[in-house]
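A.B. asks: So that we are looking at the same thing, I have put the structure below in structure tokens.
The values are calculated or read from the model by the stated rules, or taken from the named source; none is laboratory data. In this text, all values refer to a predicted model and were calculated from it rather than measured experimentally. Methodologically, a virtual Cβ is constructed for each residue, glycine included, from the backbone with ideal geometry; neighbour enumeration extends over all protein chains shown. Areas reflect the complete protein model, heavy atoms only, side chains present, ligands, DNA and RNA absent. Shrake-Rupley method; radii C 1.70, N 1.55, O 1.52, S 1.80 Å.
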Amino acid sequence: MRSRRSGVSDSMAEPDADADARGNSADASSEETHHAFWADAVADEILERDPAEPIVIKGGVSPSGVAHLGNFNEIMRGYFVAEVLRERGHEVRQVFTSDDRDPLRKVPRKLANADGEIVGLGEVDAGALGRNLGKPYTDIPDPFGEADSYAAHFASLLAADADRLGIPVEMVSNTELYADGTFDPVVRTVLENAGTAREVLAAYQDKVDEEYVPFNPICEECGKVTETVTAVDLEAETVEYVCTDMEAGDSTIEGCGHAGTATFREGKLPWRFEWPGQWDVLGVDFEPFGKDHAEGSWPSGVDIAETVLGIDPPVPMVYEWFTLNGKALSSSAGNIVTVPEILALLEPEVLRYFFALEPKKARDLDLERLDQLVDRFDRFERAYFGAVDDADLTAVAERAYPFLVEEVREERVRLPYTFAAVLGMVEDEAFREQLARDEGHFDDDTPEWAIEDALDRVERARRWAERMDNEYNYRLQTELPDVSVDEDTAAALDDLADFVAEGHDGEAIQERMYETARDHGLAVADFFEAGYRLFFDETQGPRLGEFLGELEREFVVNRLRREA
RNA sequence: GGGCCGGUAGCUCAGUUAGGGAGAGCGUCCGGCUUUUAACCGGACGGUCGGGGGUUCGAAUCCCUCCCGGCCCGCCA
């Protein structure tokens, strides 16, 4: 993975060295420089604060049923900033917190298994979830019975996704941070200054009253996260609590009524304090977050960080949400997609490209028109190599493209996605390669690895055609389909068979099809349809004559004669 | 009701941080490959830059206002 930049590092190194020199020497008076790539602007902002090394970039989510594409913003947006900073010579640590001491508030309707496939509750031990409402995710068994806990299962999904996309990110369990005492000083500070904490938060949340204690112990009796703290002992670092009912959305999770004592490690801070607490203990310098946090958690988090914890909040970045097929991502509505599902349809670099686009714009991932996204990536790639007459695009590509691919290689070949889908109509690899060669995508100088990589897209485009069941979802029929033709058509097909048997190339066959149809008084369209029925069991298909020209001659002849 | 972020061609999006030519790809249409059959090539069509007002010699870009969409302003994360 470290080799990603090696291909062009020589040519890219000089301007970066300049940028670095500017940044280090004349920081205070640093003028606003225009950056084509948003991550550079963010990096400037981070460096203006003269952060300690390693610079820490964080993301994080609460475990839910499915690790979907939107969750991945938390990792990918930070990744580009991390890479930019690394390229400028800084040491960067990218962490991702699984906020897994949060209690399960409601049973999710969908889950993702270890392969990222979405399954319903019927396929897992759903009772294990229902019985454990109100408990921290780390204390709930994995419904698939594989990982140590529900939280571990979810975290491993994201870790696997990060791995698939080649993102080096350090997974941090929030529960661990409490359990190993990392959070102790923050909990102590918050509870020591509970009055100030209340005051600050009350400005953002109406419900905060005199009774409010910013700590939620875990009940030693029933294991649920509780909300009613009756006393705090700062000396002993413990709190007294009563396990009362908890409101979760429109339902209530019943407490067991137990009254007990919990240490600072046996509970959690409410989210509004926990988030700034993470900034504190992890030394976070930059954190991207979704627009849902922009007006709620973020302003109160800044205030809490500065007023209660006495730290500087990280550089923020709000990202817009993705939609899928024009609608909001929603696991309950079934409108959801995971990283592995997308990677079945396109290359990792294309998905990375999607995340490299301007974060402030809402983006739709339209699976029906995935070809458009891939086309745009291909163009972006060509722009990097200077082959697109578009100065703006080229400026962004020069900067961002090297972060998208494992290695910059100019000899790389990209088959247009829809063309790849056409090639997917046949199974034979050699035939696919031949077709691509005939189209001029490969020549004698094309390296073997480039051909392999290019043909890899055919597999993905094929899956796309099948899953979308679109106009590319044709498959060459290896068995003779059940087709009946009238007398004239039969005669025409036999003529064409004779012509093919003589040995002609695809172009000649294509021409001959028109002539044959005319000779037999057939409408061209009808004759083509008969051909599509014979070879694809469909009424339409790719350019037929040239397609047949590439197939094994005997097979074509026999099929045209309706013999096999 | 208040706040934040968006609104540019049929679709997907650049361009707004720094005011000066309204753009790209795809789609559509037309044409080429002697003959409509989805891969290739050329061309054309296509936009009140959400509406209105203001500043300016000049506004997609800056200011004001209104409309539309998402999110937040309860709890929770």
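A.B. asks: Among the listed pairs A:LYS135/A:LYS360; A:LYS224/A:LYS360; A:LYS58/A:LYS135; A:LYS135/A:LYS207, which have their C-alpha atoms separated by more than 32 angstrom in this model? It would help to have the intermediate numbers written out before the result.
C.D. replies: Values: A:LYS135/A:LYS360 35 Å; A:LYS224/A:LYS360 38 Å; A:LYS58/A:LYS135 25 Å; A:LYS135/A:LYS207 23 Å.
As for pairs spanning more than 32 Å Cα to Cα, those are A:LYS135/A:LYS360; A:LYS224/A:LYS360.
A.B. asks: Could you calculate the contour length gain from A:ASP482 to A:GLU45, that is, 0.36 nm times the residue separation minus the distance between their Cα atoms, to one decimal place in nm? Can you show the working numbers first?
C.D. replies: Numbers: separation 437, 0.36 × 437 = 157.32 nm, distance 6.73 nm.
Between A:ASP482 and A:GLU45, full extension yields an extra 150.6 nm.
A.B. asks: How much length is gained on full extension from A:ALA391 to A:ARG437, taking 0.36 nm per residue of separation minus their Cα-Cα distance? Spell out each step's value before the answer.
C.D. replies: Numbers: separation 46, 0.36 × 46 = 16.56 nm, distance 3.14 nm.
Going from the current span to full extension adds 13.4 nm.
A.B. asks: Compute the helix-to-body angle for A:38-48: its Cα long axis versus the longest principal axis of chain A, expressed 0 to 90° and rounded to tens.
C.D. replies: For A:38-48 against chain A, the angle is about 30 degrees.
A.B. asks: Could you report the accessible area of A:TYR514 in Å², rounded to 10, computed with a 1.4 Å probe on the protein chains as they sit in the structure?
C.D. replies: 110
A.B. asks: Please report the antiparallel percentage of DSSP beta bridges with both residues in chain A, rounded to the nearest 5. Walk me through the numbers on the way to the answer.
C.D. replies: Working: 23 of 43 bridges.
Taking every DSSP beta bridge with both residues in chain A, the antiparallel ones total about 55 percent.
A.B. asks: Using protein chains only and a probe of 1.4 angstrom, how many square angstrom of A:MET171 are accessible, to the nearest 10?
C.D. replies: Around 70 Å² of this residue is reachable by solvent.
A.B. asks: Largest first, how would A:TRP449, A:TRP38 line up by accessible area (1.4 Å probe)?
C.D. replies: Numbers: A:TRP449 70, A:TRP38 30 Å².
My answer, sorted largest first, is A:TRP449, A:TRP38.
A.B. asks: Still on this structure, please answer the following. With +1 on each Lys and Arg Cβ and -1 on each Asp and Glu Cβ, how big is the dipole of chain A about its Cα centre, in debye rounded to the nearest 20? Working shown, then result.
C.D. replies: Details: 55 positive and 122 negative charges, 260 e Å.
Once rounded to the nearest 20, the dipole reads 1240 debye.
A.B. asks: Also: Just to verify a number: FRET efficiency for A:ALA259 and A:ALA160, C-beta to C-beta distance, R0 = 41 Å, to 0.05? Provide the component values of the computation, followed by the final result.
C.D. replies: On the way: r = 42 Å, r/R0 = 1.03.
So the FRET efficiency works out to roughly 0.45.
A.B. asks: Hey, rough spin-label estimate for A:ASP209 and A:GLU123, points 7 angstrom out along Cα→Cβ, what's it come to in nanometres?
C.D. replies: 4.7
A.B. asks: I would also like to ask the following. Over chain A, consider all pairs of different Cα atoms and compute the Kirkwood hydrodynamic radius from their mean reciprocal separation; express it in Å, one decimal. Mind dumping the intermediate values first?
C.D. replies: On the way: mean 1/r = 0.0364 Å⁻¹.
The Cα-based Kirkwood calculation yields 27.5 Å.
A.B. asks: Given R₀ = 56 Å, FRET efficiency for A:ASP428-A:GLU91 by Cβ-Cβ distance, to 0.05? Mind dumping the intermediate values first?
C.D. replies: Numbers: r = 50 Å, r/R0 = 0.89.
That pair, A:ASP428 with A:GLU91, gives E of 0.65.
A.B. asks: Could you compute the FRET efficiency for A:SER251 and A:GLU306, with r as their C-beta to C-beta distance and R0 at 30 Å, rounded to 0.05?
C.D. replies: Values: r = 36 Å, r/R0 = 1.20.
Here the calculated transfer efficiency is 0.25.
A.B. asks: Given Cα pairs under 8 Å that are at least 6 residues apart, what percent is the relative contact order of chain A?
C.D. replies: Details: 891 pairs, mean separation 67.2, N = 564.
The value is 12 percent.
A.B. asks: Sticking with this one: Rank these residues by their accessible area, most exposed first, probe 1.4 Å: A:ARG188, A:ARG369, A:ARG457.
C.D. replies: Details: A:ARG188 70, A:ARG369 125, A:ARG457 5 Å².
Output order, biggest surface exposure first: A:ARG369, A:ARG188, A:ARG457.
A.B. asks: Can you tell me the orientation of helix A:73-87 relative to chain A, as the angle in degrees between its alpha-carbon axis and the longest Cα principal axis, to the nearest 10?
C.D. replies: On a 0 to 90 degree scale, this one is about 90.
A.B. asks: In degrees, nearest 10, range 0 to 90: what is the angle between the Cα axis of helix A:524-536 and the longest Cα principal axis of chain A?
C.D. replies: That works out to roughly 60 degrees.
A.B. asks: Could you tell me which of A:THR516, A:LEU493, A:TYR472 has its Cα farthest along the dipole of the range A:458-517 towards the positive end, charges placed at Cβ (Lys, Arg +1; Asp, Glu -1), taken about the Cα centre?
C.D. replies: Of the candidates, A:TYR472 comes out farthest on the positive side.
A.B. asks: Another question, then. Rounded to whole Å, give me the distance from the Cα center of the range A:516-564 to that of the range A:398-457.
C.D. replies: 28
A.B. asks: P(r) for the range A:142-300, please, calculated from all Cα pair distances in 5 Å bins and given in %.
C.D. replies: It works out to 2, 8, 14, 17, 20, 18, 12, 7, 3, 0, in whole percents.
A.B. asks: What is the gain in length, in nm to one decimal, between A:ARG363 and A:ARG409 on full extension, counting 0.36 nm per residue of separation less the C-alpha to C-alpha distance?
C.D. replies: Details: separation 46, 0.36 × 46 = 16.56 nm, distance 2.86 nm.
Gain in length upon complete extension: 13.7 nm.
A.B. asks: Something else now. Go through the range A:73-147 and name the GluC sites (Glu not before Pro) that are in a DSSP coil and have 15 or fewer other Cβ atoms within 10 Å of their Cβ.
C.D. replies: Numbers: sites: A:GLU74, A:GLU83, A:GLU87, A:GLU91, A:GLU117, A:GLU123, A:GLU146; in loops: A:GLU91, A:GLU117, A:GLU146.
When the GluC sites (Glu not before Pro) of the range A:73-147 are filtered for loop state and at most 15 Cβ neighbours within 10 Å, A:GLU91, A:GLU117, A:GLU146 remain.
A.B. asks: Over chain A, with every protein chain in place, what whole percent of the accessible area is carbon and sulfur at 1.4 Å, could you tell me?
C.D. replies: Values: 10800 of 25400 Å².
Carbon-and-sulfur percentage of accessible area, whole number: 43.
A.B. asks: When only the heavy atoms of the protein chains count and the probe is 1.4 Å, how do A:ILE46, A:ILE118 rank by accessible area, highest first? Walk me through the intermediate numbers first.
C.D. replies: Details: A:ILE46 5, A:ILE118 50 Å².
Result, largest first: A:ILE118, A:ILE46.
A.B. asks: So how compact is the range A:184-244: Cα radius of gyration and Dmax in angstrom?
C.D. replies: For the range A:184-244, the Cα radius of gyration and maximum Cα-Cα distance read 11.9, 35 Å.
A.B. asks: Would you mind getting the accessible area per residue of the range A:452-564, heavy atoms of the protein chains only, 1.4 Å probe, in Å²? Before the final figure, lay out each step's value.
C.D. replies: On the way: 5900 Å² over 113 residues.
With all protein chains present, the range A:452-564 gives 52 Å² per residue.
A.B. asks: Zone of A:GLU563 (label point 7 Å along Cα→Cβ, backbone N under 15 Å): which residues in the range A:502-523?
C.D. replies: A:502-503
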